[in-house]
Amino acid sequence: MQKESNISGFTRVTDKAPIHLSHHGARAKCLQRLIRLSMPVPETVAIDFSTVADFAVGRGPDLAALLDQFEPQSLISVRPSSESTEWGGPGAMLNIGMNDIAHATIAKQRGAKAADALYARFISAFAIQVSRLDPEPFAYPNEPDTKTLKALLEAYELEADDPFPQDPARQLADILKSMARAWESTTARLLRQAKGAPPDAGLGLVVQQMALGVGEGECGSGVIQFVSGTTGRPQITGRYKSQSQGREALNRDEGTLYLTRDARGPALEDELPEVFQQLKVQGQNARRALREEMQLEFAIDRQRLFVLDALPVQRNSRAGVRIAVDLAKSGVISKADAMMRVDPASLPELLHPQVNPGLARDVLFKGIAASPGAATGRIVFSSGAAQASAARGEACILVRRETAPEDVRGMHAAKGVVTERGGVTSHAAVIARGLGVPCVVGASGIQLHQKKKQFQTNDGRLMEEGDLITLDGSSGEVLAGAAELLEPALDDAFAELMRWADNERDIGVRANADTLDEARNAALFGAEGIGLCRTEHMFFDEDRLTVMREMIFAETGEDRHAALDRLLPMQRNDFRRLFEIMKGHSVCIRLFDPPLHEFLPHSKEGILELASALDLPVPDVSRRVEALAEFNPMLGMRGVRLGITVPEIYEMQAHAIFEATIDASAKGAPVVPEIMIPLVSAKREVELVKTRIDAVAAAVRIERGIDFEYSLGVMVETPRAALRAEEIAAHADFLSFGTNDLTQMTYGLSRDDASRFMGAYVQQGVYREDPFHLLDLDGVGELLKIGADRGRRGRAGIVLSICGEHGGDPESISFCRDAGFDYVSCSPFRVPVAKLAAAQLKLACPD
């Protein structure tokens, strides 16, 4: 009888059948491609999305026509086929059609042992997965017999109050209805939507004739892939098991074989060399035709090979990069396709150590994943303890309630940072990302007792200073003890991918770097310069902090100059080394920004120590500390306000920048530094600072007898600066939008406190996402557009950029490209993310 290709919602999968991804799903389409490659795929029928949806509500065509597509009395399987394999679906059902008659027939053809195993497996699976019965009565021994079958059939009739269905059409109808309804369940819907599926995503099903894998002669099943899912390098891996079905071989039970020759045990390559060679050929064919590294699911039935399914190899981020690059280099896909296949957000896993994902975890508590990577070390509770630990050569994890600028030295010394408070843009998170140090913030699962040098977890475990923990900044988990870590993967494949991205992208990518180590990382990752150097972080070293405090306590401008003169050579050396590391690339230096009180102690012990160091009475020091305190320091005397009221600071910094420019230019390419004024809100502020800096430049030119160039710009981080950008731009060479503070001021919301309620806000739809995590395109984005448009009106050709933490986010980069910005700047370890995202945007929207 001639089999029909299309019968009322069913399509027999042939090389020319009308199988479509959007109607039948990825598995059905993949099987058709395997058939086109002449692979030994068993007879297969695809059921489209709309027909499966009908099954869910009790409708559907006559299944007799579907069964007629297969050989009489053959057993069949059903597997899900959604539009994307990542969306999952209900579990496969095997051996449909197994009943008393089929059992007797198979017993004659393949032996009673095989028939008993097939029937027991099907009764148990049908009872649990389809009829939703209690699993306990349907457990059975590894080698079932006729007594086992009798017990299972009796248990089914007792539990279901109905005999086990013997009609294959009835079995199939119940299974299709069950799988269709499972797809429509609330839990399944939420799980697939979390993986990117649309709410109305459809499910297709593929019905396939079974290659039984059991019986006399060599029968079994297995899986094989030809690259490592961990490294992405060529490597045949998988398992094969005699007398098995589906993916049972992966359980590694007794009787499981390796695929290639292995000293640890027997291998398929030795037992069935011809079949093994066929698998290798089929794997290469699938790679070329499907343009992907595939894992093949196969069955061997009486020495005959059948390919049942093929799925893309599961891989981590490291393997994903190498697989994409190798496919492109071998001509299977284009370079553009390779770039589009790598998720930019996955790249941080390559740049940092990671906890081995295959191991069990003893989780102490969980917080917000604020800076990726992993580290193991002993707990310390102060920056001083972190520095002492580093001096002894011992790795440590710094645990604080929250960090302040004075903790930066400890953060440099620590291998990781944990804070009880804060969000993804808190001080700890921002600094840790810049340093490339893993960080977990908002750790609400602990009660911190800093004076006792201990914390307690919610489950009652007490951890003290010196205890060993592992910090996973990628997941937000903190683990007990030392977990196994995977090293960074900055290999040739990663470098190749970045070269391709650099050749494609059409927007600049710089790094935010405050220290020499950060600048080196920026250069390592190919940043086109430094877009934000926060100079205040240079003042917290012990030798500089004392001088800084002397300047703060100075009563006259002359005394302030005297203190700052001691800082000038230190600053000059900082800037010169930054210029040298960046080798001619632009370096944008933000002048001093924080309020002065951040450099002063607030504890009694700290005040007493400072009074002794400055040879001042304790009451005088206390009064000065109190006088500099502000109700809201982030909105007080900081940034340009401090530069105008205490002009000596900016003058010293400008002097150091210009002298470093001359020194660095003498050793290499000419340096043109960019000087950025922070927290501007009025044109007059720029005029006052510009006048002083121009005067310092003139003095240095005369003093050194050498000319140099520099540019002066503004950090736009107040809404007023964005609104008045036209008049501000008339006095600036560039505008760099500081989206962290601009978001704070636009929302009237502290980024350090937002995490306390932001989850509830996002969950209830007040905000689409945490605006400190993803740029608010509607509100803050509107200010960016206004500022950019008005800035261009005020000065034609003015350079525009963003330098907040949003700079490394693909959505922000897309916004900046559309708005005509010149570059984005982000943490050094986000530079590869930004570069690949920018290349993908160009490839997706070439115009």
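The values are calculated or read from the model by the stated rules, or taken from the named source; none is laboratory data. What you see is a predicted model, and the numbers here were worked out from it, not measured in a lab. Using ideal geometry, Cβ is built from the backbone for each residue, glycine included, and neighbour counts are taken over all protein chains shown. Surface areas here come from the heavy atoms of the whole protein model, side chains and all, with no ligands, DNA or RNA. Shrake-Rupley method; radii C 1.70, N 1.55, O 1.52, S 1.80 Å.
Tabulated data
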{"read-out": "Candidates Gly416, Gly373, Gly358 - the one that is free of Cβ contacts under 8 Å to residues at least 60 places away in the same chain, farther than 20 Å from Ser755 by Cα, touching a helix residue (DSSP H, G or I) at 6+ places or on another chain (Cβ under 9 Å) and not polar (S, T, N, Q)", "value": "Gly416"}
{"read-out": "In region 7-52, residue most open to solvent (accessible area, probe 1.4 Å) [restricted to those that are in a helix (DSSP H, G or I) and touching a His at 6+ places or on another chain (Cβ under 9 Å)]", "value": "Ser50"}
{"read-out": "Glu143, sole failed condition from (1) surrounded by fewer than 12 Cβ atoms within 10 Å (Cβ to Cβ); (2) at pLDDT 95 or above", "value": "(2)"}
{"read-out": "Among the residues listed as Glu349, Glu402, the single one being acidic (Asp, Glu) and surrounded by 19 or more Cβ atoms within 10 Å (Cβ to Cβ)", "value": "Glu349"}
{"read-out": "Any hit, region 769-777, residues being part of a helix (DSSP H, G or I) and crowded, with 17+ Cβ neighbours inside 10 Å", "value": "no"}
{"read-out": "Any hit, region 479-496, residues being part of a loop (DSSP other than H, G, I, E, B), open to solvent by less than 20 Å² (accessible area, probe 1.4 Å) and at positive phi", "value": "no"}
{"read-out": "Output for region 761-806, where each listed residue is of a type in the set (D, E, K, R), over 21 Å from the mean Cα position of the chain (by Cα) and modelled with pLDDT under 95", "value": "Asp778"}
{"read-out": "Sole exception among (1) among the aliphatic types (A, V, I, L, M); (2) closer than 25 Å to Ile300 by Cβ; (3) touching a helix residue (DSSP H, G or I) at 6+ places or on another chain (Cβ under 9 Å) for Ile35, by number", "value": "(3)"}
{"read-out": "Any hit, region 100-114, residues being in contact with a strand residue (DSSP E or B) (Cβ under 9 Å, 6 or more places away or on another chain), under 27 Å from Leu311 (Cβ atoms) and of a type in the set (A, V, I, L, M, F, W, C)", "value": "no"}
{"read-out": "Selection from region 354-379 of residues that are closer than 22 Å to Glu805 by Cβ and either assigned to a loop (DSSP other than H, G, I, E, B) or of a type in the set (A, V, I, L, M, F, W, C) (or both)", "value": "Gly367, Ile368, Ala369, Ala370, Pro372, Gly373, Ala374, Ala375"}
{"read-out": "Some residue of region 586-603 being over 17 Å from Val408 (Cβ atoms) and open to solvent by 70 Å² or more (accessible area, probe 1.4 Å)", "value": "no"}
{"read-out": "Residue within region 320-327 that is open to solvent by less than 10 Å² (accessible area, probe 1.4 Å), over 22 Å from the mean Cα position of the chain (by Cα) and farther than 25 Å from Pro80 by Cα present", "value": "yes"}
{"read-out": "Out of Arg341, Arg304, sole residue that is surrounded by fewer than 22 Cβ atoms within 10 Å (Cβ to Cβ), under 30 Å from Pro488 (Cα atoms) and out of contact with any Phe, Trp or Tyr (no Cβ under 9 Å at 6 or more places or on another chain)", "value": "Arg341"}
{"read-out": "Filter result (out of contact with any helix residue (DSSP H, G or I) (no Cβ under 7 Å at 6 or more places or on another chain) and open to solvent by 10 Å² or more (accessible area, probe 1.4 Å)) within region 781-819", "value": "Glu782, Asp789, Arg792, Ala796, Gly797, Val799, Asp809, Glu811, Asp818"}
{"read-out": "Selection from region 38-55 of residues that are under 15 Å from Glu297 (Cβ atoms) and not hydroxyl-bearing (Ser, Thr, Tyr)", "value": "Met39, Pro40, Val41, Pro42"}
{"read-out": "Test for Pro80: is it open to solvent by less than 60 Å² (accessible area, probe 1.4 Å), free of Cβ contacts under 8 Å to residues at least 24 places away in the same chain, outside any loop (DSSP other than H, G, I, E, B) and not small (Gly, Ala, Ser)", "value": "no"}
{"read-out": "Any hit, region 433-449, residues being outside any strand (DSSP E or B), in contact (Cβ under 8 Å) with a residue 24 or more places away in the chain and among the β-branched types (Val, Ile, Thr)", "value": "yes"}
{"read-out": "Index of the failed condition, Tyr761 passing every other in (1) free of Cβ contacts under 8 Å to residues at least 60 places away in the same chain; (2) open to solvent by less than 50 Å² (accessible area, probe 1.4 Å)", "value": "(2)"}
{"read-out": "Residues located in region 603-630, provided they are more than 20 Å from Ser681 (Cα to Cα) and within 40 Å of the chain's Cα centre (by Cα)", "value": "Ser603, Ala629"}
{"read-out": "Candidates Gln209, Gln193, filtered to the one that is in contact with a Phe, Trp or Tyr (Cβ under 7 Å, 6 or more places away or on another chain), open to solvent by 10 Å² or more (accessible area, probe 1.4 Å) and among the polar types (S, T, N, Q)", "value": "Gln209"}
{"read-out": "Sole residue being in a loop (DSSP other than H, G, I, E, B), touching an Asp or Glu at 6+ places or on another chain (Cβ under 8 Å) and of a type in the set (D, E, K, R), chosen from Asp741, Asp752", "value": "Asp752"}
{"read-out": "Lone qualifier among Gly358, Gly367, Gly373 - being more than 17 Å from Gly473 (Cβ to Cβ), of a type in the set (Gly, Ala, Ser) and within 18 Å of the chain's Cα centre (by Cα)", "value": "Gly358"}
{"read-out": "Condition check for Val313: of a type in the set (Val, Ile, Thr), under 30 Å from Ser81 (Cβ atoms) and under 14 Å from the mean Cα position of the chain (by Cα)", "value": "no"}
{"read-out": "Output for region 279-306, where each listed residue is free of Cβ contacts under 8 Å to residues at least 60 places away in the same chain and within 31 Å of the chain's Cα centre (by Cα)", "value": "Gly283, Gln284, Arg288, Arg291, Glu292"}
{"read-out": "Search result, residues across region 631-648 that are over 38 Å from the mean Cα position of the chain (by Cα), surrounded by fewer than 21 Cβ atoms within 10 Å (Cβ to Cβ) and part of a helix (DSSP H, G or I)", "value": "Arg641, Ile644, Thr645, Glu648"}
{"read-out": "Any hit, region 90-113, residues being hydrophobic (A, V, I, L, M, F, W, C), open to solvent by less than 30 Å² (accessible area, probe 1.4 Å) and part of a loop (DSSP other than H, G, I, E, B)", "value": "yes"}
{"read-out": "Residue within region 262-278 that is open to solvent by 60 Å² or more (accessible area, probe 1.4 Å), among the charged types (D, E, K, R), touching a residue at least 24 places away in the same chain (Cβ under 8 Å) and in a loop (DSSP other than H, G, I, E, B) present", "value": "no"}
